[in-house]
Amino acid sequence: MPGASGIIHEGRLLQELEVDELERSRQRRLLIGVRDIQVARQALVTAGHPAETGSNGIIALKDSLALEHPDEIARLLVHAGAPPTQLVLEEEDP
């Protein structure tokens, strides 16, 4: 099947997917470290980015705009007075 990928485990084909389907199933998130979490969260939520905060104090964004333009997220946080100390795009295999 052209444009297809497969997931193989221990020599057995477990699942065959179209490439775009496989890409959509991948978990992606932008991890952000800041010194002032409240200011950063407020700026992100106000700008339309649903922000989750982990127990480690790292903010995670999963919306496509944030994932495609982390530079804009950094600019937003700098202008809000909460510059990022860490900005990492994390991609996990499904």
Checklist entry - With respect to L17, is the statement that it is in contact with a Ser or Thr (Cβ under 7 Å, 6 or more places away or on another chain), under 20 Å from E90 (Cα atoms), of a type outside the set (K, R) and modelled with pLDDT under 70 true? => result no
Next on the checklist: Which numbered condition in (1) at pLDDT 95 or above; (2) in contact with a Pro (Cβ under 7 Å, 6 or more places away or on another chain); (3) within 19 Å of E91 (Cβ to Cβ) is the only one that R26 fails?
Outcome noted: (1)
Item to check | Test set (1) surrounded by 11 or more Cβ atoms within 10 Å (Cβ to Cβ); (2) touching a strand residue (DSSP E or B) at 6+ places or on another chain (Cβ under 8 Å) - D63 fails condition number | outcome: (2)
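The values are calculated or read from the model by the stated rules, or taken from the named source; none is laboratory data. Quick caveat, the model's predicted, so the values are computed rather than measured. Cβ atoms come from the backbone with ideal geometry, glycine included; neighbour counts cover every protein chain shown.
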